[in-house]
């Protein structure tokens, strides 16, 4: 049977959307909140990610143990994540446990935020920040993002800093939650074998009391200039190189051409950077990709190599960037078109993947785009489209960072 899109909106503004498939063997539910690091005050950086943790620490109906035990009892595949723009809580289950999974998810979206849990979890967050400080790529990436976006809120770090997390107060978290985790800033995405009418009725009962706050995202002006910087770390013995440049935003029709251009340049295999840097043994990692965001976007170009090869490796990266458009051939388009279409289709074969695509697309575009419509848009990309997006976003100006051994 065909997949059917269904949509409802509660009086308080909460959106419920579904790609219903009666032939599916599982059901998936995800609560997508349009909030993340870019929506935080600088002094409270990291509060969205911290809140994600607090959702699993218990509610007025369930303890933390109850939440984990009840998810396990129904065999749920569940998790959560926080990005710069979205915080998501989701579960995939057998259809007979869908109602239970929805109940648990809706409940944890109204956490108790107890002071003792807040204090204990703060230590967990600080340990997570410390762990990422041992990841050279992540250290370089966060610094490059911060320099690239400057005063723009996309420069905010998802984990925050030691000092912002340490100084954060429980009541500050509660105020942020009350404002941004509102009904009208939340999307519930469903997929698979779902009784949409019954699900909507249940979600209405669970969430009708959620408040509408009319919260909106602030959009800063973006100003990017060429910048190069060097970081050093005595614990590092490789060289890490990362460049960031402006690209089309998530709601730009050129996003498909931009994605293909990024893959031609730096896909994990059979790309320009793969053949010029990996296959030749000059670098052990080399990749590039397009990353769309709300009203902004970026390309990133990354490589790691021996410290004595830094200049040679980046000269080759710059050479590939300069020659990218002139080197494009129909075969490049066909390969990348098929690769992206395959990835999108594979992600959409399971209700869990379909739910994620559905929720994220609505969060960014505020509309439904079916899998067939997305595949049609991918297959419609031409070489002229790829050349045009390069001319509009020519990987310049670029923020270029190096992390080298101390």
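The values are calculated or read from the model by the stated rules, or taken from the named source; none is laboratory data. All of these numbers come straight from a predicted model, not from anything done at the bench. Don't worry about glycine lacking a Cβ; one is built from the backbone with ideal geometry, like all the others, and counts go over all protein chains shown.
Some points to look at:
- Inclusion of residue 391 among residues that are surrounded by fewer than 18 Cβ atoms within 10 Å (Cβ to Cβ) and outside any loop (DSSP other than H, G, I, E, B) is warranted.
- Elements of the type helices (runs of 4 or more DSSP H) sitting completely within region 306-383 and holding at least 3 residues that are closer than 30 Å to residue 195 by Cβ and within 20 Å of the chain's Cα centre (by Cα): these cover 330-349, 351-365.
- Any hit, region 105-120, residues being assigned by TED's automatic domain parsing to the domain that holds residue 182 and on the phi > 0 side of the Ramachandran plot: yes
- Remark: residue 27 matches the filter, which requires a residue to be surrounded by 23 or more Cβ atoms within 10 Å (Cβ to Cβ) and either within 30 Å of residue 218 (Cα to Cα) or modelled with pLDDT of 95 or more (or both).
- Matching residues in region 394-406 - criterion: being under 13 Å from residue 227 (Cα atoms) and part of a strand (DSSP E or B): 398, 399, 400, 401, 402
- Check on residue 153, farther than 18 Å from residue 203 by Cβ, in contact (Cβ under 8 Å) with a residue 40 or more places away in the chain and in contact with a helix residue (DSSP H, G or I) (Cβ under 9 Å, 6 or more places away or on another chain): yes
Matching residues to (1) at pLDDT 95 or above; (2) over 21 Å from residue 398 (Cα atoms); (3) in contact with a helix residue (DSSP H, G or I) (Cβ under 6 Å, 6 or more places away or on another chain):
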residue: 216; (1), (2), (3): yes, yes, no
residue: 230; (1), (2), (3): yes, no, no
residue: 248; (1), (2), (3): yes, no, yes
residue: 252; (1), (2), (3): yes, no, no
residue: 265; (1), (2), (3): yes, no, yes
residue: 275; (1), (2), (3): yes, yes, no
residue: 298; (1), (2), (3): yes, no, no
residue: 302; (1), (2), (3): yes, no, no
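- Extreme residue, surrounded by the fewest Cβ atoms within 10 Å (Cβ to Cβ), among residues of region 337-357 that are out of contact with any helix residue (DSSP H, G or I) (no Cβ under 7 Å at 6 or more places or on another chain) and at pLDDT 90 or above: 350
Per-residue answers, yes or no, for (1) surrounded by fewer than 20 Cβ atoms within 10 Å (Cβ to Cβ); (2) modelled with pLDDT of 95 or more; (3) within 23 Å of residue 363 (Cα to Cα):
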position: 7; (1), (2), (3): yes, yes, yes
position: 17; (1), (2), (3): no, yes, yes
position: 40; (1), (2), (3): no, yes, yes
position: 67; (1), (2), (3): no, yes, no
position: 77; (1), (2), (3): yes, yes, yes
position: 84; (1), (2), (3): no, yes, yes
position: 90; (1), (2), (3): no, yes, yes
position: 94; (1), (2), (3): yes, yes, no
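- Count of residues meeting criterion [in contact with a helix residue (DSSP H, G or I) (Cβ under 6 Å, 6 or more places away or on another chain) and surrounded by fewer than 17 Cβ atoms within 10 Å (Cβ to Cβ)] in region 277-294: 1
- Test: residue in region 117-126 that is surrounded by fewer than 14 Cβ atoms within 10 Å (Cβ to Cβ) and closer than 16 Å to residue 176 by Cα: no
- If you go through region 127-150 and keep only what is surrounded by 13 or more Cβ atoms within 10 Å (Cβ to Cβ) and either in contact with a helix residue (DSSP H, G or I) (Cβ under 7 Å, 6 or more places away or on another chain) or without any contact (Cβ under 8 Å) to a residue 60 or more places away in the chain (or both), you end up with 128, 129, 132, 133, 138, 142, 145, 146, 149.
- Count of residues meeting criterion [surrounded by fewer than 18 Cβ atoms within 10 Å (Cβ to Cβ) and within 13 Å of residue 296 (Cα to Cα)] in region 218-248: 6
- Taken over region 106-130, the criterion of being in a helix (DSSP H, G or I) and within 20 Å of the chain's Cα centre (by Cα) is satisfied by 125, 128, 129.
- Scope region 315-336; condition out of contact with any helix residue (DSSP H, G or I) (no Cβ under 6 Å at 6 or more places or on another chain) and surrounded by fewer than 20 Cβ atoms within 10 Å (Cβ to Cβ); matching residues: 315, 318, 319, 322, 323, 326, 327, 329, 330, 331, 334, 335
- Residue among 367, 376 that alone is outside the structural domain of residue 13 (by TED's automatic domain parsing), free of Cβ contacts under 8 Å to residues at least 60 places away in the same chain and under 21 Å from residue 36 (Cβ atoms): 367
- Yes/no for residue 197 being touching a strand residue (DSSP E or B) at 6+ places or on another chain (Cβ under 9 Å) and loosely packed, with under 15 Cβ neighbours inside 10 Å: yes
- Qualifying residue in region 185-200 (condition: closer than 18 Å to residue 109 by Cα, in the same structural domain as residue 100 (by TED's automatic domain parsing), part of a loop (DSSP other than H, G, I, E, B) and touching a residue at least 60 places away in the same chain (Cβ under 8 Å)): no
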